[in-house]
Amino acid sequence: MSERRLVLGIESSCDETAAAVVQDGRRVLSNVVASQNELHAEYRGVVPEIASRAHAERIGTVMRASLKQAGVEPADLAAVAVGHRPGLIGSLLVGVSAAKAAAWGLGVPLVGVDHVRAHLYAGVLHEVAADGAAEPDLSGSALGLVVSGGHTAFYKVESWQRITRLGGTIDDAIGEAYDKVAAMLNLPFPGGPVVDRLAADGDEKRFAFPISRLDKASLNLSYSGLKTAVLYTLRGVPDAEDRPAMEINPRNIADLCASFQRAAVAAVILKLERALDQHPGVRTLLTGGGVTANSRLRRELTALGERRGVRVLLPRMAYCVDNGAMIAGLGHRLLSERGWQGDPLSLAAQPSGTPETIP
Ligand code: KG4
Ligand code: ZN
């Protein structure tokens, strides 16, 4: 690709206010993320009303910073991309409105990007200084894995426009399970990275937590049973003298985190093995979402790729959690497939999930 087109990507679907400038869909010139973790920490979860107000306060500054860090002027932009679904409606509306204002003011196309699909695109991005790896081959129908605070699902990826959900969690997302286990242990929010760190020193075999299998053939999985098992280990089982509450000390906490992490990650790997059995032609696995930052999952995904002869695209750490670069990158890809025909300024923010298939 040598078009040298710059796209501004805006992301505000949950609690990260983010903007990035990406060249030609892959080279990230800037990636600014203003996290709201400190605002939601005392509630141990994202409070939608607080999130949208914070987005409204920060979005202008974040957009300006992304241009400044990229060393580009607004007039250099070829398009504005925005994550417009799914997410918290009040949060989405801030990003969508800001993107419309920018696109209209600059007279460039506006493109709405699906947040979950953008996570699948994150492994394709690279920084200015780094050489990009080869484009993923989607011709043999790649598979996709999104693991985040809101999503845990497997996809068939035939092109960037044609992505079909094959299965996923029927209750909690994996990131949500991490955050809830962390909350049970009184660890800071968001809990995923903390549990990951504590697990490094723990004995993963200490507690035999259940690995979700559900129906053998299905690609669905569940995290509520694992979460309950952790709760019972921690607080004890009522009226069962042989299952008392766990003593809270650093050793026990580390062992609990390691045992939980082992079961949580094993469930994903098990279903991915099944998905690969069901799609023998697949040679590429795209991955994304906050939980792809998890050390154990990264290790096991890499090993799975080696075992099954599949190229696994893991996002760089900066592109695992919500960010504007993945939105700009996929926005570029969608626009070039459509001859740079943008969406109308009436583009809606949509809180609900991704349609299963877009023909
Ligand atoms: O993709 P993301 O920023 O937001 C959603 O779209 O949901 O993902 C955030 C989630 C949180 O649940 C957070 O705890 C989890 O990703 N997370 C991790 C790690 N880093 C972030 N979970 C496990 N291990 C990590 N290292
Ligand atoms: Zn996300």
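The values are calculated or read from the model by the stated rules, or taken from the named source; none is laboratory data. From a predicted model like this one, the values you see are computed outputs, not experimental measurements. Note that each Cβ is placed from the backbone with ideal geometry, even for glycine, and that neighbours are counted across all protein chains shown.
Annotations for the structure displayed:
- Taking each residue of the stretch 58-77 that is of a type outside the set (A, V, I, L, M) and looking for partners that are loosely packed, with under 15 Cβ neighbours inside 10 Å with beta-carbon atoms closer than 9 Å, six or more apart or interchain, yields PRO74/GLY105.
- Residue tally, condition small (Gly, Ala, Ser), more than 24 Å from LEU143 (Cα to Cα) and more than 8 Å from ligand 1 (Cβ to nearest atom), over the stretch 164-207: 4
- Just one of the listed residues (LEU77, LEU88, LEU106, LEU92) is over 30 Å from ARG311 (Cβ atoms), surrounded by fewer than 24 Cβ atoms within 10 Å (Cβ to Cβ) and within 16 Å of ligand 1 (Cβ to nearest atom), and it is LEU88.
- Any hit, the stretch 129-147, residues being in contact (Cβ under 8 Å) with a residue 24 or more places away in the chain and closer than 13 Å to ILE327 by Cβ: no
- Any hit, the stretch 296-309, residues being part of a loop (DSSP other than H, G, I, E, B) and either surrounded by fewer than 23 Cβ atoms within 10 Å (Cβ to Cβ) or in contact with a His (Cβ under 8 Å, 6 or more places away or on another chain) (or both): yes
- Residue match in the stretch 301-309 (condition: in contact with a Leu (Cβ under 9 Å, 6 or more places away or on another chain) and at pLDDT below 95): no
- Top-ranked residue of the stretch 234-272 - restricted to ones that are among the charged types (D, E, K, R) and surrounded by 13 or more Cβ atoms within 10 Å (Cβ to Cβ), ranked as farthest from ALA325 (Cα to Cα): ARG243
- One residue stands out among those in the stretch 273-294 that are surrounded by fewer than 24 Cβ atoms within 10 Å (Cβ to Cβ) and of a type in the set (Gly, Ala, Ser): the one that is farthest from ligand 1 (Cβ to nearest atom), which is GLY281.
- Among the residues of the stretch 255-264, at least one is outside any loop (DSSP other than H, G, I, E, B), over 24 Å from THR152 (Cβ atoms) and assigned by TED's automatic domain parsing to the domain that holds ALA173.
- PRO193 assigned to a loop (DSSP other than H, G, I, E, B) and either assigned by TED's automatic domain parsing to the domain that holds THR292 or in contact with a Leu (Cβ under 6 Å, 6 or more places away or on another chain) (or both): no
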